[in-house]
Structure formats: C-alpha cells, structure tokens
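Below: the structure, in structure tokens.
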Amino acid sequence: MSSNDSLARLAAVIESRKAANGGDPERSYVARLLHKGPDAFLKKIGEEATEVVMAAKDTDHGGDRAKLVGEVADLWFHSMIALAHYGLAPADVIDELERREGTSGIEEKALRKARLREEGAA
C-alpha cells in the first residue's frame, strides 16, 4: 500500500465530511472546521506549523522524534482540509512535487519569480 493510497483515503473521508449533508459539525471535527470557514482551518494550519517548528527545535536538543512526526501529521491533515475546501486534493500537491523533481530549489525559486514578473507586466 502506497502513501498516495493513504492520502487518497484520508482525502475521501475529508470530502465526505465536506458534503452538504455528509458532515455534522456537532459530531465531526472536519465538518466543524469546514462549517466555520477558512479562518478556522487556516488558523489551525498556522498553529500546527508553529508546533512543527517547536517539535523540530526540541528534536535538535534530544527531544522525541515521534513528536515531530505527530506534529507534521497534524499539519498535513489540516492542510488537506484546506485543499478540500478549495477543490484540490493531495494528488495535486504530489503532481506539483513531481513536476519540480530534478529542479534545484534555487532554480525553482528563480523560475517562480520570473513568472510573477511576467504576470505583473501583462
């Protein structure tokens, strides 16, 4: 079983909670976040990102690496809620990562800046 399958299964659960009648905000955390709107899940993404940073810093000083894994899982989960809200899926992110494969990060950043300049000139 691939990690893509795991992400796809989780995305399907999130989608089921997103459906108009599929998720009860009183019984589903995902449905509650989606019902509250972007401010709620975007705030959670910010909180989780901060917790990832703190767990990584702790790991640098001998902290439990499992804590870092757990915090990254929380960040990915909440990011998947945002993706679902905006009509995207984990496969879209994987496709983008695959598109970038073999391109250095420095080169990718330069290409993005060039595209933004071109779009600004149009």
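Each value in this text was obtained by applying a stated rule to the coordinates, not by laboratory testing. Everything quoted here is computed from the prediction, not taken from an experiment. Backbone-built Cβ (ideal geometry, glycine too); neighbour counts: all protein chains shown.
The GluC sites (Glu not before Pro) of segment 81-122 that DSSP puts in a loop, and whose beta carbon has at most 11 other beta carbons within 10 Å, are Glu101. Among the chymotrypsin sites (Phe, Trp or Tyr not before Pro) found in segment 20-122, those both in a DSSP coil and sparsely packed, with 16 or fewer other Cβ atoms within 10 Å of their Cβ, are Tyr86. The trypsin sites (Lys or Arg not before Pro) of segment 20-111 that meet both conditions, a loop assignment by DSSP and at most 10 other Cβ atoms within 10 Å of the site Cβ, are Arg27. The Cα trace of segment 70-120 gives Rg and Dmax of 14.0, 40 Å, the first to one decimal, the second as a whole number.
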